[in-house]
Amino acid sequence: MPFPTTRLRRLRHTPALRALVRETEIAPSDLIAPLFVRHGHSLRIPIQSMPGVFQLSIDQAVLAAQGLFQAGISAVLLFGIPQIKDEMGSENFDPQGIVPQAIRAIKAAVPQLLVASDICLCEYNDSGHCGLLNTTEHTHFAQHYVLNDETLPILAKTAIAHAQAGADLLAPSGMIDGMVQALRDGLDSAGFAHLPILSYSVKFSSSFYGPFREAAEGAPRFGDRKTHQLDPANGNLAVREAEEDVLEGADLLMVKPALAYLDVIQRLKARFAGVPLVAYNVSGEYAMVKAAAQNGWLDEKAVVMEILLGMKRAGADLIISYHAADFARWMHEK
Ligand code: PBG
């Protein structure tokens, strides 16, 4: 029955009615907070392009984790800034490396907070690329091509080291073919069959990672990541990437970045309804909002609520966001 019998505004007249018909809710427990950890003590080094985000020494990361847990945030995702970068990124699988140390410290202080760790080479090796490099000439690949199969054992070794330190979730982020299977096999044979893998299944080759690369000091020294990360033009291939990860045993899927890829989030949720889906609200998305808010051009709180809601409405079950702590604070204020 059309207008005037039907009047869609009827459900919007009062705040109580609007609340009654609200389809999407977002809570602090939907959020995962990234943390950048580095060596040293009492350090909170601001990241220029991400106001409010810091590189933290472990003692400070523990304090941050305690605060996040008290605010109801579900998990933290750790990124490390190593002391020494070498070809293999060995600090990442060294039990005394920055991330294993941080995992142990956070789990000891806040055992119920889930700790996820990013499994990639780019923050830890000297090239800033996501794997070992092919440096020989006379190949049909580009010089400095990221080697695929040779990189897999390093990823598996890193995941095992992080599991041994106490990580709850392993998150391979390099878009290396077979990375989920390599992690699964490695974890299973090391006695960690119970630990889930959160795969960065659909990670686009995006310019929105710029501020992160400052934060994690992991920018590629040369070239780009187009030979492994997905072309932003490709939605069908994104579905196929996720399908492959599900077959390899991924427990959770991720789409990254989120804002320019809400269609991909929606497609993956429709296709893999039973697989928890994570959206990564990346550094560039955070930086845009912060910059506009600092200029007084946007209402930060309102815009962040709308952005996070949009990601959930599109189909994300969980969101990794640098706004996690802000969000939790705003929820408690209201
Ligand atoms: C790679 C990694 C990156 C991000 C998370 N893991 C950077 C990249 O691929 O260049 C980016 C996250 C962000 O921009 O917030 N280890």
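A single member of 243, 214 is surrounded by fewer than 23 Cβ atoms within 10 Å (Cβ to Cβ), touching a helix residue (DSSP H, G or I) at 6+ places or on another chain (Cβ under 9 Å) and under 26 Å from residue 315 (Cα atoms), and it is 243. Inclusion of residue 314 among residues that are over 18 Å from the mean Cα position of the chain (by Cα), more than 14 Å from the ligand (Cβ to nearest atom) and open to solvent by less than 50 Å² (accessible area, probe 1.4 Å) is not warranted. When 239, 303, 275 are checked against the criterion of being farther than 23 Å from residue 79 by Cα, more than 16 Å from the ligand (Cβ to nearest atom), assigned to a loop (DSSP other than H, G, I, E, B) and β-branched (Val, Ile, Thr), a single residue qualifies: 275.
Yes/no per residue for (1) more than 16 Å from residue 98 (Cβ to Cβ); (2) more than 26 Å from the chain's Cα centre (by Cα); (3) of a type in the set (Val, Ile, Thr):
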{"position": "1", "(1), (2), (3)": "yes, yes, no"}
{"position": "4", "(1), (2), (3)": "yes, yes, no"}
{"position": "9", "(1), (2), (3)": "yes, yes, no"}
{"position": "15", "(1), (2), (3)": "yes, yes, no"}
{"position": "18", "(1), (2), (3)": "yes, yes, no"}
{"position": "22", "(1), (2), (3)": "yes, yes, no"}
{"position": "31", "(1), (2), (3)": "yes, no, no"}
{"position": "35", "(1), (2), (3)": "no, no, no"}
{"position": "46", "(1), (2), (3)": "yes, no, no"}
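Could you list all residues from the stretch 175-221 that are within 11 Å of the ligand (Cβ to nearest atom) and part of a helix (DSSP H, G or I)? Matches in the stretch 175-221: 207, 208, 209, 210, 211, 212, 213, 214, 215. Checking every residue in the stretch 144-155 against the condition of being among the acidic types (Asp, Glu), in a loop (DSSP other than H, G, I, E, B) and without any contact (Cβ under 8 Å) to a residue 40 or more places away in the chain gives at least one match. The set of residues from the stretch 224-236 being part of a loop (DSSP other than H, G, I, E, B) and within 12 Å of the ligand (Cβ to nearest atom) comprises 224, 225, 226, 228, 229. State whether one or more residues within the stretch 127-144 are at pLDDT below 95, out of contact with any His (no Cβ under 8 Å at 6 or more places or on another chain) and open to solvent by less than 30 Å² (accessible area, probe 1.4 Å). Among the residues of the stretch 127-144, at least one is at pLDDT below 95, out of contact with any His (no Cβ under 8 Å at 6 or more places or on another chain) and open to solvent by less than 30 Å² (accessible area, probe 1.4 Å), which makes the answer yes. Of all residues in the stretch 34-52, those satisfying the criterion of being open to solvent by 50 Å² or more (accessible area, probe 1.4 Å) and either aromatic (Phe, Trp, Tyr) or touching a residue at least 60 places away in the same chain (Cβ under 8 Å) (or both) are 38, 48, 52. Looking for something within 11 Å of the ligand (Cβ to nearest atom), within 17 Å of the chain's Cα centre (by Cα) and of a type in the set (Gly, Ala, Ser) - is there at least one such residue anywhere in the stretch 166-173? Checking the stretch 166-173: at least one residue is within 11 Å of the ligand (Cβ to nearest atom), within 17 Å of the chain's Cα centre (by Cα) and of a type in the set (Gly, Ala, Ser).
To keep it simple, each residue is scored yes or no on (1) modelled with pLDDT under 95; (2) farther than 30 Å from residue 79 by Cα; (3) in contact with a His (Cβ under 9 Å, 6 or more places away or on another chain).
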| site | (1), (2), (3) |
| --- | --- |
| 1 | yes, yes, no |
| 6 | no, yes, no |
| 12 | no, yes, no |
| 18 | no, yes, no |
| 26 | no, no, no |
| 29 | no, no, no |
| 44 | no, no, no |
| 47 | no, no, no |
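Applying a threshold of 6 Å to beta carbon distances and a minimum spacing of six or more residues, or different chains, the list of pairs starting in the stretch 81-99 at a residue that is under 21 Å from residue 44 (Cα atoms) and ending at one that is of a type in the set (Val, Ile, Thr) and outside any helix (DSSP H, G or I) reads 98/37. Filtering the stretch 93-126 to residues that are outside any loop (DSSP other than H, G, I, E, B) and open to solvent by 10 Å² or more (accessible area, probe 1.4 Å) leaves 101, 104, 105, 107, 108, 109, 114. If the condition is being touching a Gly at 6+ places or on another chain (Cβ under 9 Å) and aliphatic (A, V, I, L, M), then the stretch 173-189 contributes 176, 180, 183. All of 206, 189 fail the test of being at pLDDT 95 or above and open to solvent by less than 60 Å² (accessible area, probe 1.4 Å), apart from 206.
The values are calculated or read from the model by the stated rules, or taken from the named source; none is laboratory data. Computed from a prediction, not measured in an experiment: that's the story for all the values here. Cβ atoms come from the backbone with ideal geometry, glycine included; neighbour counts cover every protein chain shown. These area figures cover heavy atoms from the full protein model, side chains too; ligands, DNA and RNA do not enter into them. Shrake-Rupley method; radii C 1.70, N 1.55, O 1.52, S 1.80 Å.
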